[in-house]
1. How about region 29-64: which of its residues are in contact with a Cys (Cβ under 6 Å, 6 or more places away or on another chain) and at pLDDT 90 or above?
2. Scanning region 122-178 for residues that are assigned to a loop (DSSP other than H, G, I, E, B), touching a residue at least 60 places away in the same chain (Cβ under 8 Å) and not hydrophobic (A, V, I, L, M, F, W, C), which turns out surrounded by the most Cβ atoms within 10 Å (Cβ to Cβ)?
3. Filter region 49-70 down to residues that are open to solvent by 10 Å² or more (accessible area, probe 1.4 Å) and either hydroxyl-bearing (Ser, Thr, Tyr) or without any contact (Cβ under 8 Å) to a residue 24 or more places away in the chain (or both), then give me how many there are.
4. Given the structure, is Asn94 under 21 Å from the mean Cα position of the chain (by Cα), open to solvent by 30 Å² or more (accessible area, probe 1.4 Å) and modelled with pLDDT of 90 or more?
Amino acid sequence: HVEFYFDKIGKYNSKLNQSQGVYIIFCNPEFYSGAWASKTKDTEQWIQAQFSSHFMVTAIQTKGRCDHYQWVKLYQISHSNDGKKWDYVTKDGNDMVSDYKFGIYLKVCYCCIQLFDENNRYPYVLPQNFTANYDCDTIVTNELNPAISRALFIRIHPQEWQGHISLRFDILGCKTGK
């Protein structure tokens, strides 16, 4: 897992470079890697950005690793205002899913299996999967509709990848206050 202050992105490999007022994803050969790369290859990995003040997130941009044939093909997004309670972005925009991997209850019906969360809410909504990259070089933008209206932390949770879990990314949006 990687954590960093997003306002201090500077020269680090998973982070971004600003050019003409627009953030672009870059590869810096001065460092030992062309992207953030997870230590292990499983769906429990994530990379986290922390903002200095609340941020409205409207889109996520990703790109593969520039010095290897590696990229993330599918990911999920979670967000938090305190770094402790995390809500996943869902397909219908309802952020009721919290730490979904640790609180799912199954109810077997005659025709189906229903999922309930820890508060017995049904139907249980699973996190949205975002299609990411298909090569190392193309920037893929996933717009969030609705946007995440207020967050201090964002996590990207890779679900599928090519070669190894590696990515460069940008978070688009604007500050919403302290």
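The values are calculated or read from the model by the stated rules, or taken from the named source; none is laboratory data. The model shown is predicted, which means the values in this text are computed figures rather than measured ones. With ideal geometry, Cβ positions are generated from the backbone for all residues, glycine too; neighbour counts draw on all protein chains shown. Side chains are part of the model used for accessible areas, which takes the heavy atoms of the whole protein and leaves out ligands, DNA and RNA. Shrake-Rupley method; radii C 1.70, N 1.55, O 1.52, S 1.80 Å.
1. Keep residues of region 29-64 that are in contact with a Cys (Cβ under 6 Å, 6 or more places away or on another chain), which gives 34, 56, 64.
If the condition is that a residue be in contact with a Cys (Cβ under 6 Å, 6 or more places away or on another chain) and at pLDDT 90 or above, then Met56, Gly64 are the ones that fit.
2. At the first step, the residues of region 122-178 found to be assigned to a loop (DSSP other than H, G, I, E, B) are 122-126, 128-129, 132-139, 163-165, 178.
Then drop every residue that is not touching a residue at least 60 places away in the same chain (Cβ under 8 Å), which leaves 132-139, 163-165, 178.
Now restrict to residues that are not hydrophobic (A, V, I, L, M, F, W, C): 133-135, 137-138, 163-164, 178.
Numbers: Asn133: 24, Tyr134: 11, Asp135: 11, Asp137: 11, Thr138: 12, Gly163: 14, His164: 17, Lys178: 6.
If we take residues in region 122-178 being assigned to a loop (DSSP other than H, G, I, E, B), touching a residue at least 60 places away in the same chain (Cβ under 8 Å) and not hydrophobic (A, V, I, L, M, F, W, C), then Asn133 is surrounded by the most Cβ atoms within 10 Å (Cβ to Cβ).
3. Number of matching residues: 4.
4. Working: under 21 Å from the mean Cα position of the chain (by Cα): yes; open to solvent by 30 Å² or more (accessible area, probe 1.4 Å): yes; modelled with pLDDT of 90 or more: no.
Taking the combined requirement at face value, the residue does not satisfy it.
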